[in-house]
Ligand code: GLU
């Protein structure tokens, strides 16, 4: 038996917008790490910024996580007032955060600072003039609070060590060091009594028993400050693992400009969640040269050692290839249910029969749905120029063939194909000369899945009607 602590990871989004694709990658890595280690994966909504946090954003984030299949383990969370929530809310814990700051004061690791905003403005202006770094100068660090000016509500600041260095052994980035002299005494609690983000994150991670903080490397610089809070509380810091950024195809930070910034966009564009899981996994993590990695393999293989240090570039062509793969291997009936279209039972059955031929040609569900449209088409098609040309050239053949189609007993793709082959032979033309106009008549276009199979699926009545219509 090993006495290793159970791994607990978390995803801690700020609910101020959609679930960004970069956030989804962070969530995926934290989820995989927990699941790989038979640990727990928790969801914490960092909703302390009341002006920017919205319930809609929380709903979108949850929807995105569910769609991606990243299940979390604190769905039975109940807040202080007994309200059931599906996640831990940072805002709910504000009093606890404040209490932690008071504890640090008690321990001599934090202090009240009564400097007014105006006073600090002057301090910064003076620093600037002298060419010094602009940071809080610790003026209340050792001052007796009895000297506090009347009526001023203080902030609480952390006593950051003045000398030495803080070293973080990041599980991805390696050893990172900062000189403590570079850091000022940060605010833990604002003068209105609200805890700062930096304090809230640390207290929550501690309270939730987080063993591994896996997040984007934009939080790297916060980590040193957070380590100081752990030290001030006398708590053991978790393992930190900072993931490199995701860049757009042009090498700039991935943003709206590159299109599809939100997880919901990918759902809408017809990507499968398994595609996205596989694709996001490969952004900064690798297992040899493997590109197609199943969920089972990902769960078996995922580790922090194989997370790379350099940013990954988003490659839409690769994503499309992966999606084509996952569509191809997906169960036909599942794909039918994913086609976002109102279909009758009979149409669904048709689609199911056609699926093996359709799914091998589609890169997205949107393409798949489009490629199936001809099956449900009613009335005349609108032909493009190329199709019209094919139709005109093939009209005489179609007229002859129509009779044979009408008289067929067993309307199977083999029998239909035989009729076409025999007819082409007797006419001394290539099969395509007869089959291509047939394709246009049935599908409205010169490209379609194998047409004799499609004809069988459409059925004798529909096929003869479509052929007569162009005759
Ligand atoms: N709420 C932060 C964000 O959305 C994440 C904080 C953390 O993971 O520590 O960027």
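A few notes on this one:
- Qualifying positions in the range 38-53 - in contact (Cβ under 8 Å) with a residue 12 or more places away in the chain and away from the ligand (no atom under 14 Å from the Cβ): 38, 39, 40, 50
- One residue stands out in the range 54-71 among those that are more than 27 Å from residue 192 (Cα to Cα) and within 14 Å of the ligand (Cβ to nearest atom): the one that is surrounded by the most Cβ atoms within 10 Å (Cβ to Cβ), namely 61.
- Among residues of the range 139-163 being out of contact with any strand residue (DSSP E or B) (no Cβ under 8 Å at 6 or more places or on another chain) and closer than 30 Å to residue 238 by Cβ, the one that is surrounded by the fewest Cβ atoms within 10 Å (Cβ to Cβ) is 163.
- Filtered by the rule that a residue be in contact (Cβ under 8 Å) with a residue 60 or more places away in the chain and assigned to a helix (DSSP H, G or I), the range 275-294 gives 276, 277, 280, 281.
- Cβ separations smaller than 6 Å between residues 6+ apart or across chains give the following pairs from the range 215-244 residues that are within 16 Å of residue 157 (Cβ to Cβ) to residues that are modelled with pLDDT of 95 or more and within 13 Å of the ligand (Cβ to nearest atom): 225/198; 226/202; 229/202.
- Some residue of the range 203-214 being modelled with pLDDT of 95 or more, farther than 25 Å from residue 310 by Cβ, within 10 Å of the ligand (Cβ to nearest atom) and not in a helix (DSSP H, G or I): yes
- Residue match in the range 186-193 (condition: within 35 Å of the chain's Cα centre (by Cα), farther than 15 Å from residue 105 by Cα and in contact (Cβ under 8 Å) with a residue 40 or more places away in the chain): no
- The listed residues are 454, 441, and the only one of them that is farther than 21 Å from residue 359 by Cβ, in contact with a helix residue (DSSP H, G or I) (Cβ under 9 Å, 6 or more places away or on another chain) and crowded, with 20+ Cβ neighbours inside 10 Å turns out to be 441.
- Residue match in the range 263-273 (condition: within 15 Å of the ligand (Cβ to nearest atom), more than 30 Å from residue 109 (Cα to Cα) and at pLDDT 95 or above): yes
- Only listed residue being buried (at least 19 other Cβ atoms within 10 Å of the Cβ) and more than 16 Å from the ligand (Cβ to nearest atom), chosen from 35, 85: 35
- For residue 199: the one exception among (1) within 16 Å of the ligand (Cβ to nearest atom); (2) assigned to a loop (DSSP other than H, G, I, E, B); (3) more than 24 Å from residue 34 (Cβ to Cβ): (2)
The values are calculated or read from the model by the stated rules, or taken from the named source; none is laboratory data. The shown structure was predicted, so the numbers you read here are calculated from the model rather than taken from an experiment. In this analysis, Cβ positions are derived from the backbone assuming ideal geometry, glycine residues included, and neighbour counts consider all displayed protein chains.
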